[in-house]
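The values are calculated or read from the model by the stated rules, or taken from the named source; none is laboratory data. These figures come from a predicted structure and were not determined experimentally. With ideal geometry, Cβ positions are generated from the backbone for all residues, glycine too; neighbour counts draw on all protein chains shown. The accessibility values were calculated without ligands, DNA or RNA, using every heavy atom of the protein model including side chains. Shrake-Rupley method; radii C 1.70, N 1.55, O 1.52, S 1.80 Å.
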Amino acid sequence: QVQLVESGGGLVQAGGSLRLSCAASGLAFSRYGMGWFRQVLKKEREFVAAITWSSTYYDDSVKGRFTISRDNAKNTTYLQMNSLKPEDTAVYYCAAGSLQSPPAVRLREYYYWGQGTQVTVSS
């Protein structure tokens, strides 16, 4: 059974930082592209960042502030979020999907999803 478990969310002031982690089990982690998405209530889930073997891709709204990485030995992917803004407030989800270049950015390219972790940025 595949499981993706996010952690590291919380409440932070604008300008602050958080590091999200996503621990995967039940799958050959290194064979999957990993992504982070976020969702605000009543809005569609949107792409944030993705990583393949080493290539990364970011939505323009987070480029230069967020960094995605992965540790295949630990079956874990990370999202380092710096210079956080109130508009970054959302539930953040990690996902495992197609390993491709350029990295997958569409929801339908991801097969497994975590339960999400709340990130709240206060002004």
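Summed over region 2-16, the residues that are in a strand (DSSP E or B), aliphatic (A, V, I, L, M) and surrounded by fewer than 17 Cβ atoms within 10 Å (Cβ to Cβ) give a count of 2. Scanning region 32-42 for residues being modelled with pLDDT of 95 or more and more than 16 Å from the chain's Cα centre (by Cα) gives a total of 0. Please go through region 76-87 and pick out each residue that is open to solvent by 60 Å² or more (accessible area, probe 1.4 Å) and of a type in the set (Ser, Thr, Tyr). If the condition is that a residue be open to solvent by 60 Å² or more (accessible area, probe 1.4 Å) and of a type in the set (Ser, Thr, Tyr), then 83 is the only one that fits.
Does residue 50 fit the bill of being touching a residue at least 24 places away in the same chain (Cβ under 8 Å) and within 19 Å of residue 13 (Cβ to Cβ)? Spelling it out, it is not the case that residue 50 is touching a residue at least 24 places away in the same chain (Cβ under 8 Å) and within 19 Å of residue 13 (Cβ to Cβ).
Residues that are charged (D, E, K, R) and open to solvent by less than 10 Å² (accessible area, probe 1.4 Å) within region 88-123 comprise just one, 88.
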